[in-house]
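Nothing in this text is a laboratory measurement; each read-out follows from the coordinates by a stated rule. All values derive from a computational prediction rather than experimental measurement. Virtual Cβ from ideal backbone geometry, glycine too; neighbours counted across all protein chains shown.
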């Protein structure tokens, strides 16, 4: 008999780690493009002027790896010019053939426009990734048809891969907020001002990257501008605050915070929460001098003292206007600005990285005949103001004097003493399903809050902490604050936030991006406690995974009254290799829970877990084991499309074919082999737009309507269904008669 195992209790600080070699900031990649014609520049200029389509390249060689038949095009707005010797490039490795380099299909290369140092973009992204999800970036030597095209910034694309890795899904509403076909400064840019629900008022300033989503964008703008009290329910406010703080501290004005209000992405995730991602940082650190609004064009000197509340009084920047006029969020904004400034610029820590990057690209710049500036300007760019390569007559601020002056200015205007948070602790023992008290010693504060969540995919819930002696905080009024949180997951992530009359403070300082973690103890499942409950091996119209794809899935059921860990257990489709896919260490199945795992050969965890094998619709098997002992198994033959194999009754019976699949819920066994087709049932009208009538000679006891994914959308004890609120499409109907006979059919909702 396998003994129950316990997970060790731990309190750790979570730090995000990136290790992709293609974007290693300390290396220069080598990219060679070969076209089968010499007039490639003319062709790409022509394509850029037209529909911005790709032109075919015979091959692209990335660090020695050859990719045949790729798509290449020029990209960019201000950074592109048909008369410029070196323009930004977008290489699409999979344009014509399914291929990638280290999992990356798109390569985005910048020309260093408005950046004589060539390092602003990768340096800025490295700083940004300390505080919010952001692309990776470094450099690439680029060659075209054997000739050195030049040194370029190499920045990770914000695509479905990025969304999956950082936001755990990719099938939801997604916007690029600087559409290339609109041009900079069109209207008020991607300002998030509300302009009604007329598409024409938005489509020139936002580029829809998903299949649908315009009405969700209208709702975002309406909520921000007209119902700000609800904005936090649909937006990740903390990430918006980090974005705005970053833009201000680093004088990143080719952004939402500048005159064009652009260069960011918006994704509405699985929880209907909008998340911003910053993009295009080549003009960071003062490379763009137009703040817009009531602020005049800036000089390298006035950039140092640019207002830390820029656009606070201007409604044309609604994010800044509404967030910075809310005292609660303003103090968080100040805390984030102080953290960015202190961790990078007050201590001058960024200079070592800047110098190292500058040295790294030195020889590549020196030999670049297409460099947008001069080699002498490059050499002086860190310490001296130089002519701006992107704006004739303008100035590219010396990186060090700009940020030294900015650090001093921000230290002065953000000098109000913040709360001091120390001795952050959680009670013990930590046991799954119980509550624990989290405490912190906080001085110089008026309010203290605990933010917590159960997994990184969730949003944080914020609750007050108390120093009243009644919340596990010890004695009243001793500056120790406490709050209780339920340990309902394999881990609990949390942070502390405190505020006083002037400013706020976080612990850890980089929250919500970084956080503390509790790992409660949890018994591991043994044989008989978790069973394979349902399998679909030919899924064409059922539930979709995080990518919006129809894939095979396996449902496990915890048949006990206690939560169980799955660490140490395995799933496999091969009896000779029971350890094929180990369950993740953090996997938990709660009491009575129906847990879905995707059998799609991906071996990742996004919102759900994905195994490293898929299932064959011509017949296959599934085994649940501890690597030695098989806990449960199912062997099946040829599978009909969109049918399931489920235990009937749920959790305990034998496996039977069912028509209505019920992922994450109790199996509906009445529609499988028990189906009675001889019952005389009539539906009218069908198709239906409002009310569906059901007539049966044996009398109708209950009526249930299901989506094609198996979700019960209507249940009634009569023969009249109101379907007006349902989306158009095909539905399955189950009619149970007064004699307990079951009839099934289809309903079309117009």
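Taken along its three principal axes, the alpha carbon spread of region 559-668 comes to 34, 32, 28 Å, from the longest extent down to the shortest. Mean sequence separation of contacting Cα pairs (under 8 Å, at least six apart), scaled by the length of the chain, corresponds to a relative contact order of 9 percent.
Dividing the radius of gyration of the alpha carbons in region 524-589 by their Kirkwood radius gives 1.00 for Rg/Rh. For the chain, the convex hull drawn through the C-alpha positions has a volume of 188 cubic angstrom per residue. Label sites at residue 222 and residue 461, each approximated as a point 7 angstrom past Cα along Cα to Cβ, lie 2.9 nm apart.
Measure off 7 Å from each Cα along the Cα-to-Cβ vector at residue 574 and residue 376, then give the distance between these two points in nanometres to one decimal. My value for the distance between the label points is 6.6 nm. Normalising the Debye intensity of region 460-593 to I(0), with uniform scatterers on Cα atoms only, and taking log10 at q = 0.13, 0.15, 0.19, 0.22 Å⁻¹ returns -0.80, -0.93, -1.17, -1.34.
Annotation for residue 352 and residue 157: the two label points, set 7 Å from Cα along the Cα-Cβ direction, are 3.6 nm apart.
Here 161, 261 are placed in order of increasing Cβ neighbour count within 10 Å, fewest first, which gives 161, 261. So what does log10 I(q)/I(0) come out to for region 239-383 at q = 0.15, 0.19 Å⁻¹, using the Debye formula with one equal point on every Cα and no solvent? Those come out to -0.87, -1.23, one per q. Counting only the Cα atoms, region 139-248 fills a convex hull of 168 Å³ per residue. The angle separating the long axis of helix 40-49 from the principal Cα axis of greatest extent in the chain is about 70 degrees. In plain terms, if you count all Cα to Cα distances in region 420-518 and split them into 10 Å steps from zero, the share in each step is 17, 51, 28, 3 percent. With Cα atoms as the point set, region 184-294 shows a radius of gyration and Dmax of 13.9, 38 Å.
Cβ crowding within 10 Å, taken as a proxy for footprinting-reagent exposure, orders 648, 669 from fewest neighbours to most as 669, 648. Each part gets one Cα centre, and for region 318-364 versus region 526-588 those centres are 43 Å apart. Sorted fewest first by neighbouring Cβ atoms within 10 angstrom, 467, 626, 58 come out as 58, 626, 467. Two numbers describe the Cα atoms of region 686-730: Rg and Dmax, which are 10.8, 30 Å. For region 317-411, the alpha carbon positions stretch 52, 29, 19 Å along the principal axes, listed from largest to smallest.
For the chain, the longest principal axis of the alpha carbon atoms and the long axis of helix 327-341 meet at an angle near 60°.
Counting only DSSP H runs of at least 4 residues, each contributing -39500 (n - 2.57), and dividing by the residue count of the chain, the helix-based mean residue ellipticity at 222 nm comes to -5000 deg cm²/dmol.
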